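Undergrad: One structure is given below, represented as structure tokens, and several questions about it will come after.
The values are calculated or read from the model by the stated rules, or taken from the named source; none is laboratory data. Keep in mind it's a predicted model, so treat the numbers as computed, not measured. Here the Cβ is made from the backbone with ideal geometry for all residues, glycine too, and neighbour counts use every protein chain on show.
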Amino acid sequence: MIKSVMVMNTQGKPRLAKFYDFQPVEKQQELIRSVFGVLCGRADNVSNFVEADSIFGPGTRLVYKHFATLYFVFIFDSSENELAMLDLIQVFVETLDKCFKNVCELDIVYNYSKLHTILDEIIFGGQVLETSSIEVIKAVEEISKLESASNAIALVSKSVSGWRSR
Amino acid sequence: MALSGMRGLSVFISDIRNCPNKEQERLRVDKELGNIRTRFKNEKGLSPYEKKKYVWKMLYIYMLGYDVDFGHMEAVSLISAPKYPEKQVGYIVTSCLLNENHDFLRLAINTVRNDIIGRNETFQCLALTMVGNIGGREFAESLAPDVQKLIISSSCRPLVRKKAALCLLRLYRKNPDVVNVDGWADRMAQLLDERDLGVLTSSMSLLVALVSNNHEAYWSCLPKCDVPQEYTYYGIPSPWLQVKTMRALQYFPTVEDPNTRRSLFEVLQRILMGTDVVKNVNKNNASHAVLFEALALVMHLDAEKEMMSQCIALLGKFIAVREPNIRYLGLENMTRMLMVTDVHDIIKRHQAQIITSLKDPDISIRRRALDLLYGMCDVSNAKDIVEELLQYLSTADFAMREELSLKAAILAEKFAPDLSWYVDVILQLIDKAGDFVSDDIWFRVVQFVTNNEDLQPYAAAKAREYLDKPAIHETMVKVSAYLLGEYSHLLARRPGCSPKEIFSIIHEKLPTVSMSTVAILLSTYAKILMHTQPADPELQNQIWAIFNKYESCIEVEIQQRAVEYFALSRKGAALMDILAEMPKFPERQSSLIKKAEDVEVDTAEQSAIKLRAQQQQTSTALVVADQSSANGTSPVNQLGLVKVPSMSSSVIYSSKWDFDQSRSSTSTSSPSPSPDLLGDLLGPLAIEGPPVAGESEQNVVSGLEGVAAVDAAAIVPVTVQTNAVEPIGNIAERFHALCLKDSGVLYEDPYVQIGIKAEWRGHHGRLVLFLGNKNTSPLFSVQALILPPSHLKMELSLVPETIPPRAQVQCPLEVMNLRPSRDVAVLDFSYKFNTNMVNVKLRLPAVLNKFLQPITVSAEEFFPQWRSLSGPPLKLQEVVRGVRPMPLLEMANLFNSCHLIVCPGLDPNPNNLVASTTFYSESTRAMLCLTRIETDPADRTQLRMTVASGDPTLTFELKEFIKEQLVSIPIAPRPPAPVPPTPSVAQPVPPAAPSNDPGAMLAGLL
């Protein structure tokens, strides 16, 4: 099971933090800080695996990928395959890339809600839901349409009622 | 693509980004939170868009690390909104901010259910996602059938069905009963025929979870585990699904059918041999994800040796490739392989490459290499490996030094080809990484030197050499001072080793060391003085002057030593008897190795940090604990020299010990210590310095207490008695410790270790027994039977008949509590080692308090309940006498550790305690239990206890249970000996009063 997904920048600022088993807010921050503490000391040409036992308890594994100014971090238990998790990070990032056309940190900062929607279509309750970024994008687009459609309806109905009362 | 732009949110985020410091950020956040709070208060004026915007802001603030303690109700109420955007926000935020036990969630169950059974697929998705993220037990009970319908519904889109499958997985984790439906296994098999990749992936995850718990029901799913080719990721067909499928196969027992086996191996062979390292990183990752999973499956299937060696050859290739991830996993899987099968010899061929990995630029890889080296070390390569570790120690990063030195010390001890090498290694270790060498390590080397006469001159000479170095670590001062104090007279003829020279070189270090070392130095001086015959007046005066000086030392320990040594050394010949060479230590298992193994129960990968924590916990009890185990375990041929430390597990009694043993077990009431036993008891003290009258007396008393406890335990039927193999540690103590925690060691002897890890949920429990073989040869005829009491339903999974060398097997044990009772389940465990048949009966810690779940109640809830339960049989009161006196705080802790939660402030009297809990069993379901303890500050040995619950048996059993806890506390950290100081040391201490005696209590319990 995936325990947590974190996206943080190379200064340690969290950009997305999702915990699949509940953690109180102070604990979340502490975890984010300790993960960053480990990651920031790592060179570029080393493996994507980090021992996380001391941060998350025995048996947990941590896989991360470093893109430009961002770290993408997945934390999970021994029931998952490490390299498969690495693939999943890649799927996540490729999906973001397609959604935002060459994704950069700012996209992620300002489209915080979008990021949640995308992640929810990839990971569900700590389990992998979808591994094909095409499928993910389809689902996300559908949701975006719904969002804007019902906003439009709200607008229309408002104006119609305004017109009637006039 | 259209983005769900929210201008307000963007503005807020960029404001936060523009904050120059944390203080400004906090101000901005506080302002925003205040704003949101007021807007929420007059909710009517909020448009859906605004609500959505605010709730997203809350979530953003939450991610930044600020507690958002309001608006939860608003978030939850959005769920029932009729329009999509509001509903969406409601669901997303609820699942981020609330945890599964939050009260508000209960309010939403009906709405959620309506969304799930409704026709709107987008609503279904939202509801499923939230339940999948935070759904708890109540959700499981009320929603499972609906979710199941969605999974198999043919009218639903795959988008919904895949979410429903994972949602069911969550509900199953919360309540395993949700899949106990007729025909669910068949439907599961049908699901695997599904062609939609998303649904198939999710179903496979569900299957993995189901079979990992109960594979029997899902055999029909086995042949369906194959992978469609529609989706490819970097040219590999659905790597993710391939991995999950192979993972699922690992939860089934090894496939026996030869045809299936053959075709399975063909596939695996193709994966193993058909994968090459290519340039594209992502393709590499994907293909190797599949490959490593295939490797794991091969290990699980117990393939023929030929295939295993193929695998290792492959791993050998991997650990030398450029791609760091593959190197990492190569090393990790080699370590894993060591644990399952006997492939030591093949792995050894790659030793050079593994040693190179110890210098890898990546610390993750270096750690894996260290683990592997540690695992593959044996007598044949110990010298190479340990020397390599030592060399690496000086350049290793600090984060690894502690682990490194611990591992080097353990390996040196376990596999030393000769003892002088062992001494060399430990001294080098102290020299290079003194800060990371725990006291246990140097205590151990002292024990070896003391027990092996041949070694003494060598060790003393080595110690002398190190003293010549300009700056040495304090631990080195301690160990060399100790060794030279004992054995420097053996070197007297060598240059630079006259008593005077030895004294002065040691004395040089005195100004730089701490008080604990000064104590050792004083003892050394006394010993040097004793060995200098005829006396050298000049040396004598020098040393006496030092003793004189320390007579007024502020440290009592040192003051006492100085006074006593001074007085003793004036007595001349009498000094010889008192300060004579230390007797040999009784052979005992290395505390280092023991600790390392204890940790292995919890996790195969032991980190030094955990070891350290454990050492700190036990170090205070070290001396006493060792003594009781010295008597509890078989003392190995005490008179003979122990040449090879790893032989210590063989059980050889010298005839004299045989006699002592039989005598002490027949006359349990008054164990009379023989002079040798006394020597043993004094022995370990000497490590910290020679026995000092006052101190040793006290220790002997507590030591004897330990002996009494062990002996008393031996009369209880449920312990080892006739076996040739003696358990390590006190079985009763281990049991009691496990009653209060959920993982630890249940039993250990020289061959086998049984660890336990338990999880409790309501009236269900799941224990996993870890049966570990500690030896290099297999254990045969392993048998584990559960003798459950009538109130527990217990089911143990299959226990293999043979445990391979150095392997650990896990046997899950399902427990169900039918009704309240204090009876204890027993594990009847037996195995054969060589020709010895060993059988032990062990109590299992599936005791009453495991089925308690703490619950805090408020005064409003407590008092009506308390009043409504009015008197026997539902409310029982008793005055308990003979309570172990303890401060109220300690009692509160004891209650809390038994899952009875103390509710402060309910009882106005500060001498009283009120505690509440919920008891779970099938007959009572969840039942609230209330307890009140009234203590008497004037007499802490008595108290009045009132217990109330809705079930008469439960009330009675709980009352008795609490009484047991209060009257006799398990002796894990042994309470200070309540025996008044005995005038004569040799006087046997009578066993403690029956009510305090764990053995007697134990007998009464059974």
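Undergrad: Search segment A:17-48 for residues being hydrophobic (A, V, I, L, M, F, W, C) and more than 7 Å from chain B (Cβ to nearest Cβ), and hand back the single one that is nearest to the chain's Cα centre (by Cα).
TA: By that ranking, first place goes to A:Phe19.
Undergrad: Is it true that some residue in segment A:114-124 is facing another protein chain (nearest Cβ under 7 Å), in contact with a helix residue (DSSP H, G or I) (Cβ under 9 Å, 6 or more places away or on another chain), farther than 26 Å from B:Leu166 by Cβ and at pLDDT below 90?
TA: no
Undergrad: Also: Condition test on B:Tyr525, is it farther than 20 Å from B:Asn451 by Cα and either outside the structural domain of B:Ile441 (by TED's automatic domain parsing) or in contact with a Leu (Cβ under 7 Å, 6 or more places away or on another chain) (or both)?
TA: When the stated conditions are applied, B:Tyr525 does not pass them.
Undergrad: So for segment B:892-905 (the condition being assigned to a strand (DSSP E or B), of a type in the set (Phe, Trp, Tyr) and assigned by TED's automatic domain parsing to the domain that holds B:Leu874), does at least one residue qualify?
TA: no
Undergrad: Here is a list: A:Leu96, A:Leu86. Which entry is facing another protein chain (nearest Cβ under 7 Å), among the aliphatic types (A, V, I, L, M), within 20 Å of A:Lys18 (Cα to Cα) and part of a helix (DSSP H, G or I)?
TA: The unique qualifying residue is A:Leu86.
Undergrad: Another one. May I ask you to say which residue of B:Val425, B:Val449, B:Val386 is more than 29 Å from B:Met337 (Cβ to Cβ), free of Cβ contacts under 8 Å to residues at least 60 places away in the same chain and buried (at least 20 other Cβ atoms within 10 Å of the Cβ)?
TA: Answer to the check: B:Val449.
Undergrad: Does B:Val321 satisfy the condition of being closer than 19 Å to A:Val63 by Cβ and outside any helix (DSSP H, G or I)?
TA: In short, yes.
Undergrad: Follow-up. Would you confirm whether or not segment B:158-165 contains a residue that is in contact with a Gly (Cβ under 7 Å, 6 or more places away or on another chain) and surrounded by fewer than 22 Cβ atoms within 10 Å (Cβ to Cβ)?
TA: Within segment B:158-165 (the criterion being in contact with a Gly (Cβ under 7 Å, 6 or more places away or on another chain) and surrounded by fewer than 22 Cβ atoms within 10 Å (Cβ to Cβ)), the answer is yes, since at least one residue qualifies.
Undergrad: If I ask for residues that are over 22 Å from A:Asp120 (Cβ atoms), in contact with a helix residue (DSSP H, G or I) (Cβ under 8 Å, 6 or more places away or on another chain) and buried (at least 19 other Cβ atoms within 10 Å of the Cβ), which ones from segment A:19-45 would you list?
TA: A:Val38
Undergrad: Determine whether B:Ala938 is loosely packed, with under 14 Cβ neighbours inside 10 Å and out of contact with any strand residue (DSSP E or B) (no Cβ under 9 Å at 6 or more places or on another chain).
TA: It is true that B:Ala938 is loosely packed, with under 14 Cβ neighbours inside 10 Å and out of contact with any strand residue (DSSP E or B) (no Cβ under 9 Å at 6 or more places or on another chain).
Undergrad: Take segment B:93-127 and flag every residue that is free of Cβ contacts under 8 Å to residues at least 24 places away in the same chain and under 20 Å from A:Tyr20 (Cα atoms).
TA: The answer is B:Asp103, and nothing else.
Undergrad: Out of everything in segment A:2-28 that is modelled with pLDDT of 90 or more and among the hydrophobic types (A, V, I, L, M, F, W, C), what residue ends up being farthest from A:Ala52 (Cα to Cα)?
TA: Across segment A:2-28, the extreme among qualifying residues is A:Leu16.
Undergrad: Regarding segment B:493-515, can at least one residue be identified that is surrounded by fewer than 21 Cβ atoms within 10 Å (Cβ to Cβ), more than 19 Å from B:Pro583 (Cβ to Cβ), in contact (Cβ under 8 Å) with a residue 40 or more places away in the chain and out of contact with any Leu (no Cβ under 9 Å at 6 or more places or on another chain)?
TA: yes
Undergrad: Okay, next question. Return the pairs, sorted by first residue and then second, in which the second residue is surrounded by 15 or more Cβ atoms within 10 Å (Cβ to Cβ) and at pLDDT 90 or above, the first residue lies in segment B:541-559 and is not assigned by TED's automatic domain parsing to the domain that holds B:Leu510 and of a type in the set (A, V, I, L, M, F, W, C), the beta carbons are less than 9 Å apart, and the residues are 6+ apart or on different chains.
TA: Qualifying pairs under 9 Å: none.
Residue-wise test of (1) buried (at least 16 other Cβ atoms within 10 Å of the Cβ); (2) over 27 Å from A:Ala84 (Cβ atoms); (3) more than 32 Å from the chain's Cα centre (by Cα).
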| site | (1), (2), (3) |
| --- | --- |
| B:Phe123 | yes, yes, yes |
| B:Lys174 | yes, no, no |
| B:Met188 | yes, no, yes |
| B:Asp196 | yes, no, yes |
| B:Leu210 | yes, no, no |
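Undergrad: Follow-up question, since we're still on this one. Report yes if some residue within segment A:57-78 is in a helix (DSSP H, G or I) and either at pLDDT 90 or above or more than 10 Å from every other protein chain (Cβ to nearest Cβ) (or both); otherwise report no.
TA: No.
Undergrad: Residues in segment B:918-945 that are in contact with a Phe, Trp or Tyr (Cβ under 9 Å, 6 or more places away or on another chain) and either closer than 15 Å to B:Trp866 by Cβ or outside the structural domain of B:Lys875 (by TED's automatic domain parsing) (or both): how many?
TA: 7
Undergrad: Wholly within segment B:451-509, which helices (runs of 4 or more DSSP H) include no fewer than the required count, namely at least 1 residues that are over 20 Å from B:Ala535 (Cα atoms) and assigned by TED's automatic domain parsing to the domain that holds B:Ala526?
TA: The qualifying helices (runs of 4 or more DSSP H) are B:455-467, B:474-487.
Undergrad: Scan B:Ala144, B:Ala165 and give me the residue that is within 14 Å of another protein chain (Cβ to nearest Cβ), among the small types (Gly, Ala, Ser) and out of contact with any Asp or Glu (no Cβ under 6 Å at 6 or more places or on another chain).
TA: B:Ala165
Undergrad: Then there is this: Consider segment B:229-278. How many of its residues are within 14 Å of chain A (Cβ to nearest Cβ) and of a type in the set (Gly, Ala, Ser)?
TA: 3
Undergrad: Quick check on segment B:295-313. Is at least one of its residues small (Gly, Ala, Ser), within 18 Å of B:Pro804 (Cβ to Cβ) and free of Cβ contacts under 8 Å to residues at least 40 places away in the same chain?
TA: yes
Undergrad: How many residues, within segment B:337-362, are within 14 Å of another protein chain (Cβ to nearest Cβ) and surrounded by 18 or more Cβ atoms within 10 Å (Cβ to Cβ)?
TA: Within segment B:337-362, residues that are within 14 Å of another protein chain (Cβ to nearest Cβ) and surrounded by 18 or more Cβ atoms within 10 Å (Cβ to Cβ) number 3.
Undergrad: Continuing with this model, one more query. Looking only at segment B:807-820, decide whether some residue is out of contact with any Phe, Trp or Tyr (no Cβ under 6 Å at 6 or more places or on another chain) and without any contact (Cβ under 8 Å) to a residue 40 or more places away in the chain.
TA: yes
Undergrad: Further, regarding this structure: Output the number of the condition that B:Val89 fails; it satisfies all remaining conditions of (1) facing chain A (nearest Cβ under 9 Å); (2) surrounded by fewer than 18 Cβ atoms within 10 Å (Cβ to Cβ).
TA: (2)
Undergrad: Also, I was wondering about something else. If I ask for residues that are crowded, with 16+ Cβ neighbours inside 10 Å and more than 9 Å from every other protein chain (Cβ to nearest Cβ), which ones from segment A:3-16 would you list?
TA: A:Lys3, A:Ser4, A:Val5, A:Met6, A:Val7, A:Met8, A:Asn9
Undergrad: Does B:Ser95 satisfy the condition of being of a type in the set (Ser, Thr, Tyr) and surrounded by fewer than 17 Cβ atoms within 10 Å (Cβ to Cβ)?
TA: When the stated conditions are applied, B:Ser95 does not pass them.
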